[in-house]
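K.L.:
Provided herewith is a single structure, encoded as structure tokens, for subsequent inquiry.
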Amino acid sequence: MKKITILLTGLLLSSAVLGGLSANAATQPSNGVVNFETDNTPTPPVDPVDPDPNKPVDPVDPTDPNGPEPGTPGPLSIDYASSFDFGTQKISTQTHTYNAALQKYKNGTPADGPNYVQVTDKTGLYTGWDLTVKQESQFKKGTTDLKGAAMTLNKIKAKSISGSATPTTSTKADLIPGDEHSIASAAAGQGKGTWAFHFGENATDAADAVSLTVPGTANAEVGKYTTSLTWKLVAKP
């Protein structure tokens, strides 16, 4: 009993001392501050299936061994757009639809996946934007058109890990040479950060998501036909 009494006395004494210190404590405020400014450096491409900006990827341009073209600079940017390879086909008098090869990556990492276009909004204003694509001309070999050929971008999906509200996305774009076609539109407050708009949910789904239909009446000649696409990203006022 004696030992217990001594311990209790010590505890009571400690509480009294601490109580006195608390009553005489002084306080002083301080502040924290951080300032942000716009970043004009290009944003590297990411895997559209897993669009983590901390895990950039190195996509292959099937139409240019020295490509792809670097992304556009500025806080509102197009970071990457796939080029489409419809392969080598037999000349036919029948109508055929050819599917674009999947997006490949240097060193095989990640695995082949959906073709895509990637945009980033790091303006800090977030007034919204519009993303469009235009096929500049019909597929040509020199001055000869691949008459009646029609390209379709299908199964368009939007993906991001930014936590921002999802832009309105077209599900399909039937391209007409010379015309702009909407891919996605972000209202004010939507589409912040990096977004990938990919054609097909995954590699299996993407196998027929980008296609080229060539009628038998096109009378294709031996050789390579090419076209160019212009992707445009415009900020809303």
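K.L.:
Give me log10 I(q)/I(0) at q = 0.08, 0.10, 0.18, 0.19 Å⁻¹ for the range 59-235, Debye formula, one equal scatterer per alpha-carbon, no solvent.
P.N.:
-0.26, -0.40, -1.21, -1.32
K.L.:
Related question: Sort the following peptides by mean Cβ neighbour count (other Cβ atoms within 10 Å, averaged over residues), highest first: 62-68, 44-50, 228-234.
P.N.:
With the highest mean Cβ count within 10 Å placed first, the list reads 44-50, 228-234, 62-68.
K.L.:
I'd like the distance between the alpha-carbon centres of the range 110-177 and the range 40-96, rounded to an integer number of Å.
P.N.:
What the calculation gives is 11 Å, centre to centre.
K.L.:
Once both axes come from the Cα atoms, what is the angle between helix 2-23 and the longest principal axis of the chain, in degrees from 0 to 90, rounded to 10?
P.N.:
70
K.L.:
Of 148, 177, 56, which is farthest on the positive side of the dipole of the chain, counting Cα position, with +1 on Lys and Arg Cβ, -1 on Asp and Glu Cβ, and the Cα centre as origin?
P.N.:
The Cα lying farthest towards the positive end belongs to 56.
K.L.:
Over the Cα atoms of the range 53-109, what Rg and Dmax result, in angstrom?
P.N.:
Every Cα atom of the range 53-109 included, Rg and Dmax give 15.2, 49 Å.
K.L.:
Would you work out the relative contact order for the chain, in percent, from Cα pairs under 8 angstrom that are 6 or more residues apart?
P.N.:
24
K.L.:
Still on this structure: Suppose only helical runs count, i.e. DSSP H with n ≥ 4. What mean residue ellipticity at 222 nm does that imply for the chain under -39500 (n - 2.57) per run, divided by all residues and rounded to the nearest 500 deg cm²/dmol?
P.N.:
It comes out at -3500 deg cm²/dmol, rounded to the nearest 500.
K.L.:
If I build a Gaussian network model for the chain, linking alpha-carbon pairs within less than 10 angstrom, which residue out of 32, 178, 87 has the largest mean-square fluctuation?
P.N.:
32
K.L.:
Just subtract the alpha-carbon distance of residue 174 and residue 123 from 0.36 nm times their residue separation and send over the number in nm, one decimal.
P.N.:
Gain in length upon complete extension: 15.3 nm.
Readers should treat all values here as calculations from the given coordinates under stated rules, not as data from a laboratory. As the structure is a computational prediction, the values presented were derived from the model and not from experiment. Glycine also receives a Cβ, built like all others from the backbone with ideal geometry; neighbour counts cover every protein chain displayed.
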